[in-house]
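Here is the structure we will look at, set down as structure tokens.
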Amino acid sequence: MSERTAKFHIGDIVHHRVFPFRGVIFDVDPVFANTEEWWLSIPEDVRPSKDQPYYHLLAENEQTSYVAYVSEQNLVLDDSQAPVSHPQVNDIFAGIVNGRYVPRHNAAN
């Protein structure tokens, strides 16, 4: 597998190309870093390749908030300018500047 440079960054607000959810990126894996079981649970005809960046999102849809793990090929920037209402947003981010969430820098103990 070869690594690629991530297209999106921590703090970017994105939405899924196919499924109706959006979220803010809080971590990036340069290549797939979840379990094989998780990857195989995706139907083969829509299963993304492992050799691309994967993003951890504080995600939301109309019903709920959750954490999602999504391949780069399935994300696009969200230009709605609407904040993400996930309950953990304020734990990780200090606010939005120029359409991107700014990470909260916590001091180490």
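The values are calculated or read from the model by the stated rules, or taken from the named source; none is laboratory data. Source: prediction; values computed, not measured. Here the Cβ is made from the backbone with ideal geometry for all residues, glycine too, and neighbour counts use every protein chain on show.
When segment 73-109 is examined, which residues are found to be in a helix (DSSP H, G or I) and under 13 Å from the mean Cα position of the chain (by Cα)?
GLN73, ASN74, VAL89
If you scan segment 11-25, which residues turn out to be outside any strand (DSSP E or B) and within 14 Å of ASN90 (Cα to Cα)?
GLY11
With respect to ILE92, is the statement that it is in contact (Cβ under 8 Å) with a residue 60 or more places away in the chain and of a type in the set (Val, Ile, Thr) true?
yes
Would you confirm, using the coordinates I've provided, whether VAL102 is in contact with a helix residue (DSSP H, G or I) (Cβ under 8 Å, 6 or more places away or on another chain), closer than 18 Å to PHE8 by Cα and in contact (Cβ under 8 Å) with a residue 40 or more places away in the chain?
No.
Within segment 24-64, how many residues are of a type in the set (D, E, K, R) and either at positive phi or surrounded by fewer than 12 Cβ atoms within 10 Å (Cβ to Cβ) (or both)?
Adding up the residues that qualify gives 5.
Of all residues being of a type in the set (Phe, Trp, Tyr) and free of Cβ contacts under 8 Å to residues at least 60 places away in the same chain in segment 5-25, which is farthest from PRO103 (Cα to Cα)? Just the residue, please.
PHE19
I want to confirm something. Restricting to segment 65-107 and keeping residues that are of a type in the set (Phe, Trp, Tyr) and more than 14 Å from PRO20 (Cα to Cα), which single residue is surrounded by the most Cβ atoms within 10 Å (Cβ to Cβ)?
TYR101
Looking for whichever is at pLDDT 95 or above, in a strand (DSSP E or B) and farther than 19 Å from PRO103 by Cα here; the options are VAL70, VAL28. Which one fits?
Matching residue, one of VAL70, VAL28: VAL70.
Select from segment 35-48 the residues that are among the polar types (S, T, N, Q) and either in contact with a helix residue (DSSP H, G or I) (Cβ under 8 Å, 6 or more places away or on another chain) or within 8 Å of SER71 (Cα to Cα) (or both) and list them in ascending order.
Listed by number, the list is empty, since nothing qualifies.
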